[in-house]
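Engineer: This structure is in structure tokens; I'll ask about it shortly.
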Amino acid sequence: MKKVLLALMAVMVLCAYTDNKPVRIFMVGDSTMANKDTTGGKQERGWGMVLHEFFKNDVVIDNHAVNGRSTKSFINEGRWQKVLDKLQPGDYVVIQFGHNDEKKNDPNRYTEVGGSFDNNLRRYVNEAKAKGAYPILLNCVARRNFTAPSDKVIDDEGLRDKVFEGGEDLKGGGDKLQDTHGAYREVPRAIAKELNVPFIDANKVTSDLEQGLGVEGSKKLHMIYAPGECPAYPKGRQDNTHYNQIGARIVAGLLAIEIGKQVPELKRHLK
């Protein structure tokens, strides 16, 4: 009888330990997701930086996203290996790239649709699975682009040096959001289906958000400030890619809801 009681106690302790073990979500991606410098009143935020606000305290967000990285450069710089070294069975990995994979003028970051971009995403998913983790694929968030479609490569990182220029949004454009990602927004969906992992259509979520707010309202999501409006940017800022505090929180909240829908195991951990 004593042995039976001891065995039951051991099971109870093990169950309690398992229940109290925090849920770990690792995040890999680019500047739209990354943690930012907040000193000196800086307003830029990545949506992954504030995602923890929408989860309960039993969830730990470990954000490894970095400004300017693509699926290629994140691997080549050893950043993915650092995540793999930390992964344990049962962890989740949120993977979102595309903005910088598009940049044909930068061989250190550019990847090809139907080739290296697809294969890199497969590598992230398969290597996360091999560690016993659960990968979640997202496509790239939308840029705030109400101008006429253009083949010009957008230098997202360079936008941090672009001062306010006024109402250029309407020059040659209109009130309909224009896609800038092309096939790069479709590949993650296909890879997720191929490898049977959850897919979050972040591009649709954010496109609907931008379009719903319209040309003027959508400015409130981004690093767009007139001269003198924000002390950290005395000459103003005209950045239609990166989020400010408001934009990051709204996007993080919407994507947290989608994560809960596509990954039921995480839904109960949402606030």
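The values are calculated or read from the model by the stated rules, or taken from the named source; none is laboratory data. As the structure is a computational prediction, the values presented were derived from the model and not from experiment. We place every Cβ from the backbone using ideal geometry, glycine too, and count neighbours over all the protein chains shown. Ligands, DNA and RNA are stripped out before the accessible areas are found, and what is left, the full protein with its side chains, is counted by its heavy atoms. Shrake-Rupley method; radii C 1.70, N 1.55, O 1.52, S 1.80 Å.
Engineer: Dipole of the range 25-111 (Lys/Arg Cβ +1, Asp/Glu Cβ -1, origin at the Cα centre): which of W47, N100, G90 lies farthest to the positive side?
Structural biologist: Towards the positive end, the residue furthest out is N100.
Engineer: State, as an integer percentage, the relative contact order of the range 138-271 based on alpha-carbon contacts under 8 Å between residues 6 or more apart.
Structural biologist: Over the range 138-271, the number comes to 30 percent.
Engineer: Could I ask something else about it? Give, rounded to the nearest 20 debye, the magnitude of the charge dipole that the range 188-270 has about its Cα centre when Lys and Arg contribute +1 at Cβ and Asp and Glu contribute -1 at Cβ.
Structural biologist: Roughly 140 debye, rounded to the nearest 20.
Engineer: Sticking with this structure for a sec: How big is the shadow of the Cα convex hull of the range 204-271, averaged over all directions, in nm²?
Structural biologist: 5.5
Engineer: Of K42/K267; K235/K271; K129/K261, which sit over 27 Å apart, Cα to Cα?
Structural biologist: Distance filter (> 27 Å) returns K42/K267; K235/K271.
Engineer: Follow-up question, since we're still on this one. Which value, in Å², gives the accessible area per residue of the chain when a 1.4 Å probe is used on the protein heavy atoms?
Structural biologist: Heavy-atom accessible area per residue stands at 49 Å².
Engineer: Given the DSSP H assignment, sum -39500 (n - 2.57) over each helix run of at least 4 residues in the chain and divide by its residue total; what's the result at 222 nm in deg cm²/dmol, nearest 500?
Structural biologist: The helix-only estimate for the chain comes to -11000 deg cm²/dmol at 222 nm.
Engineer: Sticking with this one: Looking at the chain from every direction and averaging, what is the projected area of its Cα convex hull in nm²?
Structural biologist: 16.4
Engineer: Can you list the GluC sites (Glu not before Pro) in the range 198-263 that are in a DSSP coil and have 15 or fewer other beta carbons within 10 angstrom?
Structural biologist: Filter output for the range 198-263: E229.
Engineer: If you don't mind, another one. Leaving out ligands, DNA and RNA, and with a 1.4 Å probe, what % of the accessible surface on the range 20-144 is carbon or sulfur?
Structural biologist: That share works out to 45 percent.
Engineer: Over the range 211-268, calculate the relative contact order: mean separation of alpha carbon pairs under 8 Å at least 6 apart, over the residue count, as a percent.
Structural biologist: Rounded, it is 25 percent for the range 211-268.
Engineer: Mean separation of Cα pairs under 8 Å and 6+ residues apart, divided by the residue count of the chain: what relative contact order is that in percent?
Structural biologist: 21
Engineer: Angle between the Cα long axis of helix 116-130 and the longest principal axis of the chain, 0 to 90 degrees, nearest 10?
Structural biologist: For 116-130 against the chain, the angle is about 20 degrees.
Engineer: What does the extension gain come out to for V163 and Q88, with contour length at 0.36 nm per residue minus their alpha carbon separation?
Structural biologist: 22.6 nm
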